[in-house]
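Let me begin by presenting the structure, written as structure tokens, before commenting on it.
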Amino acid sequence: EGDRLGLLLFGTEPYIQAPLTFDLTTVRTLLNESGIGMAGRATAIGDAIGLAVKRLRDRPQEQRVVILLTDGANTAGEITPDKATEIAEATGVRIYTIGVGSKDGGGRGGLLGMFRRRGSDLDEPMLRDIAAQTEARYFRAADTKALQQVYDTIDALEKTTAEASIFVHREERFQPFAIVGLLCVLLST
């Protein structure tokens, strides 16, 4: 609660599913409507980091945080994860990395069976390096409960305040009543 969140999906290409917003209900809905393979079958981690950094670079320094959740190694993209991490570091973006799925790569996988594995292709050393280079942490989440604990930990580590602007549209509607009232006064004299 109180955090501004966005949702960036990536596969072969990264794209913004939800821009930064305080409307967590919408972000949750868009996440629930997302499916594995929506953005392609590959994993362009470098491109995803690059797009996230681009979207965060104008935010205040303490609000530049990315949570990279992945079940695989970088297998596509124009930007290498190393180069994207250098850009993130130079821009002051912290990247918390979370590797998901089962350690052995077989069976149902974690997170309600979302990440079915033929073999483990999770590049944990790369994810550790990304987090360390950007002064963040790497986490492993084998199931939904572990993922929730990771998010709780990150939430405790990243306490910032952000101002929310609430816009209220006001429309003056008294004119017709004023005209009718004026006409009634003029007709009664």
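The values are calculated or read from the model by the stated rules, or taken from the named source; none is laboratory data. Not measured: the values here are computed from a predicted model. Every residue, glycine among them, receives a Cβ derived from its backbone with ideal geometry; neighbour counts consider all protein chains shown. Ligands, DNA and RNA are excluded from the accessible area calculation, which covers all protein heavy atoms including side chains. Shrake-Rupley method; radii C 1.70, N 1.55, O 1.52, S 1.80 Å.
Open to solvent by less than 60 Å² (accessible area, probe 1.4 Å) and at pLDDT 90 or above: does that describe Gly99? Yes, satisfied. Note on segment 1-95: enclosed helices (runs of 4 or more DSSP H) holding 3 or more residues that are surrounded by fewer than 17 Cβ atoms within 10 Å (Cβ to Cβ) are 24-33, 81-91.
Listed by first and then second residue, the pairs linking a residue in segment 119-144 that is open to solvent by less than 20 Å² (accessible area, probe 1.4 Å) to a residue that is among the acidic types (Asp, Glu), with Cβ atoms under 7 Å apart and 6 or more places separating them unless they lie on different chains, are Thr134/Glu89.
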